[in-house]
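Asks: First the structure, which I've put down as structure tokens, then a few questions once you've had a look.
The values are calculated or read from the model by the stated rules, or taken from the named source; none is laboratory data. Computed from a predicted model, the values in this text were never measured in an experiment. Heads up, the Cβs are rebuilt from the backbone with ideal geometry, glycines too, and the neighbour counts pull from every protein chain shown.
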Amino acid sequence: DCAALLGPGVACATRSKKGRTVRIIGTRACTTRIGYLSLLERVGARIELLDTTELGGEPRGSIRIRHGGNARLDIGPHDVPRVIDELPVLAALATHGGELRVTGAGELRHKESDRITALAAGLRGLGGRVDEMEDGFHVVGDRRLQGGTADAAGDHRLAMAFAIAALGGARPSEIHNAEAVDVSYPGFFDVLASISVS
């Protein structure tokens, strides 16, 4: 679904230059599942939903994302419920340039891990600039990650996020407990390795 596909999709965008296109084919297109796309549009990405059909009462289609550069994105309590699962990956995207501030997301402390603390620690371990808050975090992507180590803490969302952040590193990185991705996305690392953009 969209939550799982966002990882490789965002990774494509971070590896592409402004104006390049990423296409995610055959994903669920329910608005409750793709709320993160409107947030990407806020920072200049161009999003198109193509070839829409219906399967099992839910729309499906392809999503085309054109990278539009990096900017500051603020996600507050109103936005958090529709993107709660994608927040770690959006944080990873911010490490590649831009800025992300999330508030009203205290629920992240009660997921498979304390995602706020573990996310901040992991991104810092890779060389990122992250401030942890009680109900969120602040990522500033003002420097290239140098690479390092991060612990996914058995959390599949964190494993994907750290892998995506590490793509921008100056040196290779190591992610501990990365096998957690198999909970929601077996084959994630194979997909990540096969990414191409147009």
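Asks: Does any residue of segment 181-188 turn out to be aliphatic (A, V, I, L, M), buried (at least 16 other Cβ atoms within 10 Å of the Cβ) and either in contact (Cβ under 8 Å) with a residue 40 or more places away in the chain or closer than 30 Å to residue 78 by Cβ (or both)?
Replies: Quick first cut of segment 181-188, residues aliphatic (A, V, I, L, M) only: 181, 183.
Next, from what is left, pick out any that are buried (at least 16 other Cβ atoms within 10 Å of the Cβ): 181.
Within this subset, residues satisfying the condition of being either in contact (Cβ under 8 Å) with a residue 40 or more places away in the chain or closer than 30 Å to residue 78 by Cβ (or both) are 181.
Within segment 181-188 (the criterion being aliphatic (A, V, I, L, M), buried (at least 16 other Cβ atoms within 10 Å of the Cβ) and either in contact (Cβ under 8 Å) with a residue 40 or more places away in the chain or closer than 30 Å to residue 78 by Cβ (or both)), the answer is yes, since at least one residue qualifies.
Asks: Collect the residues in segment 148-170 that are part of a loop (DSSP other than H, G, I, E, B) and either closer than 17 Å to residue 129 by Cα or in contact (Cβ under 8 Å) with a residue 40 or more places away in the chain (or both), keeping them in residue-number order. Walk me through how you get there before you give the answer.
Replies: Taking segment 148-170 first, the residues part of a loop (DSSP other than H, G, I, E, B) are 148, 152-155, 167-170.
Once the filter is applied, which keeps residues that are part of a loop (DSSP other than H, G, I, E, B) and either closer than 17 Å to residue 129 by Cα or in contact (Cβ under 8 Å) with a residue 40 or more places away in the chain (or both), segment 148-170 yields 148, 153, 154, 155, 167, 168, 169, 170.
Asks: Would you mind telling me which numbered condition in (1) more than 27 Å from residue 131 (Cα to Cα); (2) at pLDDT below 70; (3) surrounded by fewer than 16 Cβ atoms within 10 Å (Cβ to Cβ) residue 57 fails?
Replies: The number of the failed condition is (2).
Asks: I'd like to verify a number: residues in segment 93-112 that are in contact with a helix residue (DSSP H, G or I) (Cβ under 8 Å, 6 or more places away or on another chain), crowded, with 17+ Cβ neighbours inside 10 Å and either part of a helix (DSSP H, G or I) or among the acidic types (Asp, Glu) (or both), how many?
Replies: Of the residues in that region, 2 qualify.
Asks: Identify the single condition in (1) assigned to a strand (DSSP E or B); (2) modelled with pLDDT of 75 or more; (3) not aromatic (Phe, Trp, Tyr) that residue 41 does not satisfy, given that it satisfies every other one.
Replies: (1)
Asks: Can I ask one more? Only one of 71, 105, 91 is at negative phi and modelled with pLDDT under 90. Can you tell me which?
Replies: Details: 105 fails: modelled with pLDDT under 90; 91 fails: modelled with pLDDT under 90.
Testing whether each residue is at negative phi and modelled with pLDDT under 90 leaves just 71.
Asks: Conditions: (1) surrounded by fewer than 19 Cβ atoms within 10 Å (Cβ to Cβ); (2) at pLDDT 95 or above. Residue 151 meets all but one. Number of the miss?
Replies: That leaves (1) as the condition not met.
Asks: Being in contact with a Ser or Thr (Cβ under 6 Å, 6 or more places away or on another chain) and surrounded by 15 or more Cβ atoms within 10 Å (Cβ to Cβ) is the filter here, so list the residues in segment 65-92 that pass it. Write out each step before concluding.
Replies: Quick first cut of segment 65-92, residues in contact with a Ser or Thr (Cβ under 6 Å, 6 or more places away or on another chain) only: 66-67, 76.
Scanning segment 65-92 gives 66, 67.
Asks: I'm checking my understanding of the structure. Among residues of segment 160-177 that are at pLDDT below 95 and of a type in the set (Gly, Ala, Ser), which one is surrounded by the most Cβ atoms within 10 Å (Cβ to Cβ)?
Replies: 165
Asks: Now a separate question. Do we find a residue being farther than 24 Å from residue 129 by Cβ and of a type in the set (Phe, Trp, Tyr) anywhere in segment 177-187? Reasoning before the result, please.
Replies: Keep residues of segment 177-187 that are farther than 24 Å from residue 129 by Cβ, which gives 179-187.
Right, trim to of a type in the set (Phe, Trp, Tyr) and you get 185.
Yes - at least one qualifying residue is present in segment 177-187.
Asks: Kindly indicate whether any position in segment 113-129 is outside any loop (DSSP other than H, G, I, E, B), free of Cβ contacts under 8 Å to residues at least 24 places away in the same chain and either of a type in the set (A, V, I, L, M, F, W, C) or over 28 Å from residue 171 (Cβ atoms) (or both).
Replies: Yes; the residues of segment 113-129 include at least one that is outside any loop (DSSP other than H, G, I, E, B), free of Cβ contacts under 8 Å to residues at least 24 places away in the same chain and either of a type in the set (A, V, I, L, M, F, W, C) or over 28 Å from residue 171 (Cβ atoms) (or both).
Asks: Would you point out the residue of segment 128-143, among those that are of a type outside the set (A, V, I, L, M) and under 17 Å from the mean Cα position of the chain (by Cα), that is surrounded by the fewest Cβ atoms within 10 Å (Cβ to Cβ)? Walk me through how you get there before you give the answer.
Replies: The first filter runs over segment 128-143 and keeps only residues of a type outside the set (A, V, I, L, M), leaving 128-129, 131-132, 134-138, 141-143.
Subsequent filtering for residues that are under 17 Å from the mean Cα position of the chain (by Cα) retains 128-129, 136-138, 141.
Details: 128: 27, 129: 16, 136: 21, 137: 24, 138: 18, 141: 24.
Across segment 128-143, the extreme among qualifying residues is 129.
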